[in-house]
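Have a look at the structure below before the remarks.
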Amino acid sequence: MTDSTTHRAIHAVWRIESARLIAGLTRMVRDVGLAEELAQDALVAALEQWPKSGVPDNPGAWLTATAKHRAIDLLRRGKRIERKHEELGHDAEQDRAVPDLDEAIDNDVGDDLLRLMLIACHPVLSTEARVALTLRLLGGLTTEEIARAFLVAEPTVAQRIVRAKRTLAEAHVPFEVPRGDELIARLSSVLEVIYLIFNEGYSATAGDDWIRPGLCEDALRLGRILAELVPKEPEVHGLVALMEIQASRLRARVGPSGEPVLLLDQNRALWDRILIRRGLTALARAEALGGEQGPYVLQAAIAACHARAPTAAETDWARIARLYETLAQRMPSPIVELNRAVAVGMAFGPAAGLELVDALASERSLQGYHLLPSVRGDFLTKLGRFDEARAELERAASLTRNAREQHLLLERAEACARAARGPSQ
C-alpha cells in the first residue's frame, strides 16, 4: 500500500469505527471531551504506524486497543484516577487499580451509541452546536469537513465544538438513556438534528451547489443506526422513511451542469428504486407500530405519494393536501401551511393555492423566506399574471443565498417578462 492509499483506508475506518469507539470511551471516563481526545490519540497513532506496518486485519479492534492503552496510561497518572474512581463507585483502597476497560468499552455498544447521540443532541446546546458535535462525534467528520459542508469558517466550527463539550461538562449531563417522556423529548432533538443535516445536503441553503450528497449520506447512516437502537419508536422509522425516499431523487435533482431540477420536471427513471423500497418499508414499519402519526411519519407518507406516482401527472395531490392538513394540526407551522397551499393549488387549481398563500403574507416568520414569493410567483404564472409573477420571483431570488437556486428563479422571472411582452415583442 502507498501512503496515500493507507491514509484513505484510515479515513474510511475512522468514519465507521469512531462513533462506537468514542461512545465506549465516554461510558468509561464519563467525559465526552476526554473520550474524543483518547479516540483522536488512537487515530494519530494509526496515521503514524499504519503507513509503515500496513493496515491491520481488524483495524477497528486496533483502534480500540490503542485507545484503551491510552486511557489506562491517563488513569494511572495524576489525580484524574481518584476522581473517576469516585464516580465509578470504587472503594478508597482500590485507588491504584485500573478499571476493566475491556468490559467498559466492549459491552452494550448499542446502548452506548444511543447515549452518545442523546448527549450530542442535548437541548442544553444550541442547534448549531448540536449539529457540529453530532457530525464530529457520530459522523466522524473533521472540523474542516463540517465547516466546508456548511460554508462556515473552520475556527467558528471548532469554537462551537469546544464550547459544546464545555457546556456538557459544566451541566454534568449524565451518560444515560432517560425514560418515558424525557426520552421522547430527547429523541425529538436527535431527530431534529439528523433531519437538519439531511436537509442541508438535500437543498443547500447557501453556496454554489444545489445539493451536497455527502451530508445526506451521513444523516441517513445516523438515522438507520438510531432505528436499530430504538426499533419501537415510529417517528424514528418515519424519519428514516422520509430521508430514504427523498434521497432516492438526488440524481434527478440536478441537471448536467449542476443546475436545479424541480420535482415535477425530474426524470423519474433516475430515481433510486432501492432507496424508495427501503423508504416504503420503513414507513410500513412506522405505521405498523400504531398510535397517532407524528410529523415525520406524515411527511414520509407525503413523500411516498410522490414515490408511488409513475409520472408527475399521476401524483395524488388531493391525498397530499389532506396529509398536510393533518400535519398542520399536529405541528402548526407557517412552512407547513405553505406546503399545504402548494398541494391545494396542484389538486384544486392555482387560484385556490394562491388564496392560501396570500393568507400567509403577514406571517412574520416567512418575511425573509424565499419560498413564499417563489410559490406565489408560480401560482401567478399559472394564472397568467406575468408582471406580478416576475416581481415575486425576483424577490425570491434576492432572498435565497444559494447561487444555483437564485439563477433558476431569475430564469423563471425572465420567462415571465417575455410572456408579459407577448409573442410580437
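Below, the figures for the structure above:
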quantity	calculated
Derived scalar couplings ³J(HN,Hα) [the range 378-391; Karplus, 6.51 cos²θ - 1.76 cosθ + 1.60; whole Hz; x for Gly, Pro]	5, 5, 5, 4, 5, 8, x, 9, 5, 5, 5, 5, 4, 4
Descending semi-axes in whole angstrom, ellipsoid equivalent of the chain, from the Cα gyration tensor	47, 23, 20
Alpha-carbon radius of gyration plus Dmax, which is the widest Cα pair, for the range 262-341 in Å	13.2, 36
Area accessible to solvent at residue 15, 1.4 Å probe radius, in Å²	60 Å²
The range 133-265, Cα convex hull volume normalised per residue, Å³	118 Å³
Normalised contact order of the range 118-254, rounded percent, pairs of Cα under 8 Å and 6 or more residues apart	22 percent
Base-10 log of normalised Debye intensity for the range 318-425 (one unit scatterer per alpha-carbon) at q = 0.09 Å⁻¹	-0.24
For residue 254, distant residues with modelled amide H under 5 Å away	261
Rg followed by Dmax, in Å, when the range 204-335 is reduced to its Cα trace	15.0, 45
P(r) weight above 15 Å for the range 325-379, C-alpha pairs, percent	40 percent
Heavy-atom accessible area per residue - the range 274-325, 1.4 Å, Å²	49 Å²
Rounded to whole Hz, the Karplus (6.51, -1.76, 1.60) HN-Hα couplings of the range 359-366, x for glycine and proline	5, 9, 4, 8, 5, 5, 5, 9
Relative contact order, percent, the range 324-425 [alpha-carbon distance under 8 Å, six or more residues apart]	19 percent
Accessible area in the full protein assembly, largest first, 1.4 Å probe, for 181, 358	181, 358
Relative contact order (%) - the range 19-81, alpha-carbon pairs under 8 angstrom, separation at least six	28 percent
Accessible area of residue 62 in the full protein assembly, 1.4 Å probe (Å², nearest 10)	60 Å²
Sequence of 407, 7, 172, 237 when ordered by accessible area, the most exposed leading, probe 1.4 angstrom	172, 407, 7, 237
Relative packing of peptides 255-268, 295-308 - highest average C-beta neighbours within 10 Å first	295-308, 255-268
On Cα atoms only, tilt of 295-308 relative to the major axis of the chain in degrees	60 degrees
Overall form of the range 363-412 per C-alpha gyration tensor (a/c, 1.5; a/b vs b/c)	oblate
Cα centroid of the range 156-203 to Cα centroid of the range 299-373, whole Å	29 Å
The range 188-201 - phi-based ³J(HN,Hα) in whole Hz, Karplus 6.51/-1.76/1.60, Gly and Pro as x	4, 5, 4, 4, 4, 5, 4, 6, 4, 4, 4, 5, 5, x
With every protein chain in place, the chain: carbon and sulfur % of accessible area (1.4 Å)	50 percent
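The values are calculated or read from the model by the stated rules, or taken from the named source; none is laboratory data. Model, not experiment: these values are computed from the prediction. Backbone-built Cβ (ideal geometry, glycine too); neighbour counts: all protein chains shown. Ligands, DNA and RNA are excluded from the accessible area calculation, which covers all protein heavy atoms including side chains. Shrake-Rupley method; radii C 1.70, N 1.55, O 1.52, S 1.80 Å.
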